[in-house]
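Asker: Starting off with a structure, shown below.
The values are calculated or read from the model by the stated rules, or taken from the named source; none is laboratory data. Everything numeric here is computed off the predicted structure, so don't read it as measured data. Counting neighbours? That spans all protein chains shown, and the Cβs are built from the backbone with ideal geometry, glycine included. Only protein heavy atoms, including side chains, enter the accessible area calculation; ligands, DNA and RNA are left aside. Shrake-Rupley method; radii C 1.70, N 1.55, O 1.52, S 1.80 Å.
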Amino acid sequence: MAAALQHSGWWQLWWRRLSARDGSRMLLLLLLLGSGQGPRQVRAGQTFEYLKREHSLSKPYQGVGTSSSSLWNLMGNAMVMTQYIRLTPDMQSKQGALWNRVPCFLRDWELQVHFKIHGQGKKNLHGDGLAIWYTKDRMQPGPVFGNMDKFVGLGVFVDTYPNEEKQQEAQKRRYSPGVQRVFPYVSAMVNNGSLSYDHERDGRPTELGGCTAIVRNLHYDTFLVIRYVKRHLTIMMDIDGKHEWRDCIEVPGVRLPRGYYFGTSSITGDLSDNHDVISLKLFELTVERTPEEEKLHRDVFLPSVDNMKLPEMTAPLPPLSGLALFLIVFFSLVFSVFAIVIGLILYNKWQDQSRKRFY
């Protein structure tokens with residue numbers, strides 16, 4: 001009887017240890033799934049998401065720096081802080097950017113951006129906003145929210161200052177009904193390198209679509225998601241503190257090449273704000289395609305949008321080599337001398353004929 005009790009006690013102890021160990025493993029698995037570290041289903045029967053660490057960034061911001069071995073590179077006034085990466089401080093004439101140095105070759109993906117825009121400026125006395133990029137070139141400073149103009153790829157802009165509206169007010173002009181936009185404003189643009197972003201009109205001539213997004217000085221988290229599936233571009237916002245996505249932009253027929261870079265940038269001018277990025281999470285989306293869709297969704301080499309005419313790119317002429325330049329100059333001189341000699345011969349013959357007619 002004592003042996004049986006002893007055996008029973010050992011069995012209960014072993015079972016408790018096993019349960020505790022398996023429970024810890026199960027808890028860890030649930031935490032990983034809940035934090036986005038593993039696959040999770042987005043919509044029933046549609047896609048699964050897989051976090052791509054090489055294209056993602058979150059606290060404690062490891063792998064961020066200026067060296068060639070870093071996964072993420074800083075540029076300009078961007079700084080790594082404990083709780084966020086500050087692209088620009090609330091100071092005038094600042095410019096900063098954060099770029100992933102690993103090109104993305106995914107066909108279908110979703111980028112979730114956790115950001116915060118805040119500062120001391122009051123209504124319409126702050127600027128200029130931030131941009132999220134998927135472009136061919138990286139680390140190229142410029143006037144478009146801190147990035148180069150005439151970029152090649154996709155730009156999503158969180159614009160916080162209404163330049164066009166202020167010009168209209170200065171000229172004492174009014175918008176037509178339904179034309180005026182409320183800022184902050186989110187818009188998207190696809191460029192093949194031939195278009196310029198029109199700051200004076202807040203990008204209106206080249207935008208694919210947009211929506212109002214009141215994102216400044218909020219006391220809760222603000223998120224933006226860019227989803228690219230089967231040539232379909234969707235941009236949604238979660239800025240109301242309700243943990244719900246709401247539609248902002250939806251454009252079919254968007255053709256983006258693979259092998260471009262993700263990045264985010266910001267710029268301030270006479271007006272300023274703190275532009276902070278808290279996390280960037282890129283998910284690979286597994287999507288089933290029919291054979292017809294496989295043919296239709298082949299790789300492209302330049303960004304484009306169906307039913308939207310982008311100006312054709314004119315390739316610059318290659319510079320002449322030293323030998324080619326020498327040959328051009330040499331034959332030009334030979335041709336000139338030859339033309340002069342022929343001209344003198346013809347002139348002398350004309351003079352001889354004139355003398356014969358005179359005598």
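Asker: Tell me the strands (runs of 3 or more DSSP E) entirely within the range 65-178 that contain at least 3 residues that are of a type in the set (Asp, Glu) and closer than 29 Å to residue 228 by Cα. Break it down into steps so the answer makes sense when it comes.
Answerer: Values: elements: 72-76, 85-88, 95-100, 109-118, 129-135, 152-159.
Of the strands (runs of 3 or more DSSP E) lying wholly inside the range 65-178, none has at least 3 residues that are of a type in the set (Asp, Glu) and closer than 29 Å to residue 228 by Cα.
Asker: When you look at residue 141, is it of a type outside the set (Asp, Glu) and open to solvent by less than 50 Å² (accessible area, probe 1.4 Å), yes or no?
Answerer: Numbers: of a type outside the set (Asp, Glu): yes; open to solvent by less than 50 Å² (accessible area, probe 1.4 Å): no.
So residue 141 does not fit the description; no.
Asker: Determine which single condition residue 108 fails, assuming it passes every other condition in (1) over 29 Å from residue 303 (Cα atoms); (2) open to solvent by less than 20 Å² (accessible area, probe 1.4 Å); (3) among the acidic types (Asp, Glu).
Answerer: Every listed condition holds for residue 108 apart from (1).
Asker: Select from the range 192-233 the residues that are surrounded by 19 or more Cβ atoms within 10 Å (Cβ to Cβ) and without any contact (Cβ under 8 Å) to a residue 60 or more places away in the chain and list them in ascending order.
Answerer: 197, 202, 203, 207, 210, 213
Asker: Same structure, new question: Can you pull out the residues in the range 144-163 that are open to solvent by 10 Å² or more (accessible area, probe 1.4 Å) and either under 13 Å from residue 99 (Cβ atoms) or among the basic types (Lys, Arg) (or both)?
Answerer: Matches in the range 144-163: 148, 150.
Asker: What are the pairs, 6+ residues apart or on separate chains, where a residue within the range 129-145 that is more than 14 Å from residue 75 (Cα to Cα) and aromatic (Phe, Trp, Tyr) has its Cβ under 6 Å from a residue that is at pLDDT 95 or above and outside any loop (DSSP other than H, G, I, E, B)?
Answerer: Partner pairs satisfying both residue conditions: 133/155; 133/263; 134/153; 134/154; 134/260; 134/262.
Asker: Determine which member of the set 56, 70 is open to solvent by less than 60 Å² (accessible area, probe 1.4 Å) and modelled with pLDDT under 95. Step through it out loud before you land on a result.
Answerer: Working: 56 fails: modelled with pLDDT under 95.
Step by step, each of 56, 70 is checked, and only 70 is open to solvent by less than 60 Å² (accessible area, probe 1.4 Å) and modelled with pLDDT under 95.
Asker: Looking only at the range 239-246, decide whether some residue is in contact (Cβ under 8 Å) with a residue 24 or more places away in the chain, more than 18 Å from the chain's Cα centre (by Cα) and open to solvent by 10 Å² or more (accessible area, probe 1.4 Å).
Answerer: Our first condition is that a residue be in contact (Cβ under 8 Å) with a residue 24 or more places away in the chain; within the range 239-246, this holds for 239.
So of that shortlist, the ones also more than 18 Å from the chain's Cα centre (by Cα) come out as 239.
Now restrict to residues that are open to solvent by 10 Å² or more (accessible area, probe 1.4 Å): none.
Checked the range 239-246: no residue is in contact (Cβ under 8 Å) with a residue 24 or more places away in the chain, more than 18 Å from the chain's Cα centre (by Cα) and open to solvent by 10 Å² or more (accessible area, probe 1.4 Å).
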